[in-house]
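A quick write-up on the structure given underneath.
The values are calculated or read from the model by the stated rules, or taken from the named source; none is laboratory data. This structure is a prediction, so every number in the text was calculated from the model and none was measured. Reconstructed Cβ throughout: ideal geometry from the backbone, glycine too, with neighbour counts over all protein chains shown. The area values use the complete protein model at the heavy-atom level, side chains included, leaving out ligands, DNA and RNA. Shrake-Rupley method; radii C 1.70, N 1.55, O 1.52, S 1.80 Å.
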Amino acid sequence: MCTVPVIEVVFMTFQELQTGDYFRISGITTPYVYRKTSDDSCTLNDTLQPIRSHTMVKKLTGTSLIEFLGQQQPDSQPKRKPTVRLKSRPVPSREKVGSTKYGMIN
């Protein structure tokens, strides 16, 4: 007996989705995953996007949703931020007698 994972893809309009459902827009080749937030908007990477109610979408269910959510988890080891070091110049001592930042005092 052979077991094959089932990936269920449901095509529907944006209006038919429930709030909170994850989906992809039908016909777009880039693998962006959106989430329905209201009847006329969705989010993409926490950015609110307007969308038409009759837009055809592919609702993510089952394995596709699990794979997407798994990719969103942070790595086990946090990435180090690059260290930025500024070059510092030695500040000349102004304590010399008669010396200011504007020149010599007579």
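Remarks
- Subset of segment 30-40 [surrounded by 17 or more Cβ atoms within 10 Å (Cβ to Cβ) and more than 14 Å from the chain's Cα centre (by Cα)]: LYS36
- Summed over segment 41-63, residues that are open to solvent by 40 Å² or more (accessible area, probe 1.4 Å), in contact with a Ser or Thr (Cβ under 7 Å, 6 or more places away or on another chain) and in a loop (DSSP other than H, G, I, E, B) total 2.
- Pairs where the first residue, in segment 47-72, is at negative phi and the second is small (Gly, Ala, Ser) and modelled with pLDDT of 90 or more, C-beta under 7 Å, 6+ apart: LEU48/SER41; GLN49/SER41; PRO50/SER41; ILE51/SER41
- Considering segment 1-29, the residues that are part of a loop (DSSP other than H, G, I, E, B) and open to solvent by less than 60 Å² (accessible area, probe 1.4 Å) include one that is modelled with the lowest pLDDT, namely SER26.
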